[in-house]
Amino acid sequence: MAACSVEELLAKAEQEEAEKLRSITVHKELDLDFDVGSLLACDKNRIESRDFRGQKKEDFLRALARDNTQLLINEIWKLQTERVEEAIVAKLPEPSTRLPREKAPLKPRPPTKWEQFAKLKGIQKKKKTNLVWDDTAKEWRRRWGYKRAKDNTKEWLIEVPETADSNEDQFSKRTRAKKERVAKNELNRLRNIARAQKVKSPGVGLLPKAQQSRDELAQAVSVARTSTASAGRFQDRLAKEKAPRNSGKRRKFEPLIGDFSSERQKQLELLKVLDSRRPKLDITKAVNAQMRQEDREEAAAKHGRKGGKGRAGRGGKMAGRRGKRGKAEGGRGGGKKRD
Amino acid sequence: MRPLTEDETKIMFEKLSKYIGENIKLLVDRPDGTYCFRLHQDRVYYMSDKILKLATNFSRDKLISIGTCFGKFTKTQKFRLHITALDFLAPYAKFKVWVKPGAEQSFLYGNHVLKSGLGRITENTMQYQGVVVYSMADVPLGFGVAAKSTQECRRVDPMSIVVFHQADVGEFIRNEDTLT
């Protein structure tokens, strides 16, 4: 009985041992691929589709996950471990799986205008030393920036060039030139950015110029016109001014067969306006009338002269003619003249 | 085909008013029906609404002409009257010029009217006034522009131009293929 009990005990202990072992050893047909660094295990074994499809789908999945996790943890236990504050810690190796990046890699910045030009001309960047010898200060100084060598802003005297105006302030001229260079550089920088992003770079606007061309003037006008709070929406046009071209507005027409009566009304209104614009006193017409009047008078005077006996003033001068021509008309002509 | 814009209407009316003055009103506002101006391929056509509705059945490139062509807009947006408009200009013309039978043919061949060919002219015609040219038998032959005012016409020598030729009915034969 005792032997039996011992055997039983042994068997029981053995069973427990096996049970314990089974919980940590997993048998797989194919070994898993481990990437312990990223805590990753890949199971390449076939899955019995019958098991998967069966009633115990959930149980199957759970068991599979447990087994694989066990294998991964076994793998971790193989690593070097240490004890840190009551916790056992393993040092993970570098992950070997390459994960795809979230965002697309950055494209190289498109070359600036200068870089394009330099490439075309084969100009290469030269590395310059940071420090240069300053002869006046007798020490090595930075090439640029604060306390730089040969700092021309710190000069207390500037020679006036022979060609320059003697009253001109050379100091302010120098600072102005510097400011302009800085502004130009900034503008070029913005233009390069605009070109890189393929946005239309905003027009330089209107740089002051000695002589503006016709196009530049037109541009100036259009810029001035749209430079209102309402972007030129309520800006009136001059009488004979043409609409700006390429303003992005599409022409709109009345419908082909629309309201005929309103169309007619509009045209009649227009005619009324055109009619009122015509001057009431037509100068040419008036002059013509005047000329005709004069013609008539002249003709009448001619007739009058032919027979005019009573006219003393011109008598002597025209005597010969008068004598030659119609005598019969004399009386009538004179009569006309009188009234 | 589309209605004329306001600017186009104005330009056309200004040209028409040189020939028929305020009588354009009679073309716009007609008692015998609704008539309208429509632009098609830069040409202005005058037609009744019935014809217009019929014409809508044709695509733009197939439509050659509708109603009466009054003229065309040049590329610089100026309006040129065509001889086809004569039927509407002649009855309402304010200033007329009659040419002598001998000068009729010369005018119909596209020449200016000389003083020698001038039969009659409306009184008070100003210089550069649009005029309709008639034969002595009162048949409208075309239109032109007075080169001289009526007063001046009396004095000039016979070989000087009194009416500039603009269009004549001879164009119906000469420009048959382009006149629509």
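Any read-out appearing in this document is the output of simple, stated calculations on the displayed coordinates, not a laboratory observation. Predicted model only: the values in this text are computed from it and were never measured. A quick note on method: Cβ atoms are made from the backbone with ideal geometry, for glycine too, and the neighbour counts reach across all protein chains shown.
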Exposure proxy ranking, count of Cβ atoms within 10 Å, fewest first, for B:Glu171, A:Glu7: A:Glu7, B:Glu171
Assertion target for A:Glu269, A:Glu216, ordered by fewest C-beta neighbours within 10 angstrom first, is A:Glu269, A:Glu216
Return the long-range amide H neighbours of A:Leu40 (sequence gap of 5 or more, or a different chain), with a cut-off of under 5 Å between placed amide H atoms. A:Asp35
In range of the label at A:Ser172: residues from region A:116-155 whose backbone nitrogen is under 19 Å from the point 7 Å along Cα→Cβ: A:153-155
Between A:Lys127 and B:Phe58, how many nm apart are label points set 7 Å from Cα along the C-beta direction? 8.1 nm
Electrostatic dipole magnitude of region A:20-90 [Cβ: Lys, Arg +1; Asp, Glu -1; Cα centre; debye, to 20]: 440 debye
With bins 5 Å wide starting at 0, give me the P(r) of chain B over every alpha carbon pair, in whole percents. 1, 8, 16, 19, 18, 15, 10, 6, 3, 1, 0, 0
Using a cut-off of 9 Å between beta-carbons, work out the net charge of the residues near B:Gly71 (Lys and Arg +1, Asp and Glu -1, B:Gly71 not included). +4
Equivalent-ellipsoid semi-axes (√(5λ), Cα gyration tensor) for region A:141-219, whole Å, largest first? 33, 23, 7
Inter-probe distance in nm under a simple model that places probes 7 Å from Cα toward Cβ, at B:Arg120 and A:Lys78: 12.6 nm
Under a plain spin-label model, where a point goes 7 Å from the Cα along Cα-to-Cβ, how far apart in nm are A:Ile47 and B:Asp7? 7.3 nm
Give me the angle, in degrees from 0 to 90, between the Cα long axis of helix B:6-20 and the longest principal axis of the Cα atoms of chain B, rounded to the nearest 10. 30 degrees
Going by C-beta contacts inside 10 Å, put A:Leu281, A:Leu64 in order with the fewest on the left. A:Leu281, A:Leu64
Given Cα pairs under 8 Å that are at least 6 residues apart, what percent is the relative contact order of region B:2-89? 24 percent
Shape descriptor, the protein assembly as shown: equivalent ellipsoid semi-axes (Cα gyration tensor, sqrt 5λ, whole Å, largest first) stand at 103, 46, 19
For region A:20-90, the convex hull over Cα atoms projects on average to an area in nm² of 6.2 nm²
